[in-house]
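A.B. asks: Here's a structure for you.
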Amino acid sequence: MSETVVRPVDDAVWSDMEAVFSTPGDPAGCWCQWFKAPRSQFDRLGRQGTHDALHEQVRSGTPGVLAWVDGEPAGWAAVEPYSAYANLARSPITKRLPGDPEDPWAVTCFVVRVEFRRQGLARALLAGAVEHARAQGAQVLEGYPVDTQVRPSLSTAARYHGTVSLFLEGGFDVVRRPSETRAIMRRTV
């Protein structure tokens, strides 16, 4: 039986963050900056710049939660107030509409190392993200997942937002469907 621990990230565990983000694929190039940096700035940052930007965010705050399985760094979920992610307001998928909470907390990204996938780690990360947001005083939490029931062929890379089924299991409700494969999901905490 594996032991999974999820807790807010801080600079003391930065080397574990680096291990998680060394996962092959998009994480090593993005470092959860896609929703934070305007596109032109993101492109200029490159891999080292996005790495350094997340490291600075970890030094100055707690932009998410990290998971360990049997002491091994295994996964990450980004969770902060909506206002921390400048690009959410620019996206037609995630922009605020009349009646939306002004600044909910947002779960924007999951990274799970290849060897820890398909073991339920995303559920543990989402639960840790909810608890972290609650501890920081959040009242509402949102996610912007993909719907694999509508499009089961979505790649692992396209699932970094999480899935609708994951968020449903985590107590979130679908608020609206801005596209066929995407949902805005919300939970009161």
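The values are calculated or read from the model by the stated rules, or taken from the named source; none is laboratory data. All values reported here derive from a predicted model rather than from experimental measurement. In this analysis, Cβ positions are derived from the backbone assuming ideal geometry, glycine residues included, and neighbour counts consider all displayed protein chains. To get the accessible areas, we keep the full protein, side chains included, count just its heavy atoms, and leave off ligands, DNA and RNA. Shrake-Rupley method; radii C 1.70, N 1.55, O 1.52, S 1.80 Å.
A.B. asks: Restricting to segment 92-123, and then to whatever is small (Gly, Ala, Ser) and open to solvent by 30 Å² or more (accessible area, probe 1.4 Å), can you tell me which residue is farthest from residue 163 (Cα to Cα)?
C.D. replies: Result: 99.
A.B. asks: Scan segment 29-38 and tell me whether some residue there is assigned to a helix (DSSP H, G or I) and open to solvent by less than 70 Å² (accessible area, probe 1.4 Å).
C.D. replies: Yes, because at least one residue in segment 29-38 is assigned to a helix (DSSP H, G or I) and open to solvent by less than 70 Å² (accessible area, probe 1.4 Å).
A.B. asks: Here is a follow-up. Among the residues of segment 165-181, how many are in a strand (DSSP E or B) and either of a type outside the set (D, E, K, R) or buried (at least 19 other Cβ atoms within 10 Å of the Cβ) (or both)?
C.D. replies: Going through segment 165-181 one residue at a time, the tally reaches 4.
A.B. asks: Within the bounds of segment 35-53, is there any residue that is touching a Leu at 6+ places or on another chain (Cβ under 6 Å) and within 21 Å of residue 162 (Cβ to Cβ)? Spell out the reasoning first.
C.D. replies: Let us first name the residues in segment 35-53 that are touching a Leu at 6+ places or on another chain (Cβ under 6 Å), namely 35.
Narrowing further to those that are within 21 Å of residue 162 (Cβ to Cβ): 35.
Within segment 35-53 (the criterion being touching a Leu at 6+ places or on another chain (Cβ under 6 Å) and within 21 Å of residue 162 (Cβ to Cβ)), the answer is yes, since at least one residue qualifies.
A.B. asks: Since residue 162 meets every condition but one in (1) open to solvent by 20 Å² or more (accessible area, probe 1.4 Å); (2) within 26 Å of residue 41 (Cβ to Cβ); (3) in contact with a helix residue (DSSP H, G or I) (Cβ under 8 Å, 6 or more places away or on another chain), which condition does it not meet?
C.D. replies: Result: residue 162 fails condition (1) only.
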